[in-house]
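As structure tokens, the structure follows; a few thoughts come after it.
The values are calculated or read from the model by the stated rules, or taken from the named source; none is laboratory data. Not measured: the values here are computed from a predicted model. Cβ atoms come from the backbone with ideal geometry, glycine included; neighbour counts cover every protein chain shown. All accessible areas refer to the heavy atoms of the entire protein, side chains included, with ligands and DNA or RNA removed. Shrake-Rupley method; radii C 1.70, N 1.55, O 1.52, S 1.80 Å.
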Amino acid sequence: MTRERTGRIIGASFGLAFIQVNAGALPVAAGTALRVLAVAAFVALLITLRRAPAPASGPAPRPAPRPEAAAEAAPAVHFGRRYRYVVAAEAVVGVAGIVVINNVLHTPRATVGWIALVVGVHFFGLAVVWRMPALHLLGAGLSGCGAAGLALAAAGAPQAAVAAVAGVLPGALLLGSAWWKVRGDAEPRRAATPSSGAAVS
């Protein structure tokens, strides 16, 4: 499995975990439905990635070179030292914030908002490390959900509202982003496949 696919599975796993953990705060029918849908989406993603053709190992015809070709051809996902720095910073800041929220501020319902905020901010770091500007959008979405969850918790909103905004929605964003990338990868393959109905001269 390529590093890109591994990265998508990691992100989707976090999305699944967000939904499974936080859907319990919602009404039973809604929470159960969301959990089942999340599991189905995750399993379908694994199957799709497993069945997707692996990158060709030998030489293949290439289109005319473009100015940005070198940047696009460079490996995007790598789990080296800079990646580990980002993840380590995420873990340290996340744990420190949870300790403060629970033992100093005594607002445990804000925990999920803090986690979503930290996960969102860490995507800004990954966007730089992996040279994937699109991750800035995902980071902004998750950070916004986390900040909204913190605000709801501070205002004394019901736990279900906090869980939906800062837990279920970020989970859906993570799962959706993994599926969006898979769909984007499939477009070039479909474009390169000749139509079966094409006329033969």
> Within the bounds of the range 60-82, is there any residue that is assigned to a helix (DSSP H, G or I), modelled with pLDDT of 95 or more and among the small types (Gly, Ala, Ser)?
Replying inline: no
> Restricted to the range 22-38, and to residues that are touching a helix residue (DSSP H, G or I) at 6+ places or on another chain (Cβ under 7 Å) and in a helix (DSSP H, G or I), which residue is surrounded by the most Cβ atoms within 10 Å (Cβ to Cβ)?
Replying inline: Asn22
> For Val119, which of the numbered conditions (1) farther than 18 Å from Gly167 by Cα; (2) of a type in the set (A, V, I, L, M); (3) assigned to a helix (DSSP H, G or I) fails to hold?
Replying inline: (1)
>> Condition check: at pLDDT below 95 and open to solvent by less than 60 Å² (accessible area, probe 1.4 Å). Does Ile19 satisfy that?
In response: no
> What pairs can you find where one residue is in the range 1-19 and in a loop (DSSP other than H, G, I, E, B), the other is modelled with pLDDT under 80 and small (Gly, Ala, Ser), and their Cβ atoms are less than 9 Å apart, with a gap of 6+ or different chains?
Replying inline: Met1/Ala54; Thr2/Ala54
> When the residues of the range 123-147 are filtered to those that are hydrophobic (A, V, I, L, M, F, W, C), touching a residue at least 24 places away in the same chain (Cβ under 8 Å) and part of a helix (DSSP H, G or I), which remaining residue is surrounded by the most Cβ atoms within 10 Å (Cβ to Cβ)?
Replying inline: Leu142
> How many residues does the range 106-122 contain that are touching a helix residue (DSSP H, G or I) at 6+ places or on another chain (Cβ under 9 Å), surrounded by fewer than 22 Cβ atoms within 10 Å (Cβ to Cβ) and more than 29 Å from Val182 (Cβ to Cβ)?
Replying inline: 4
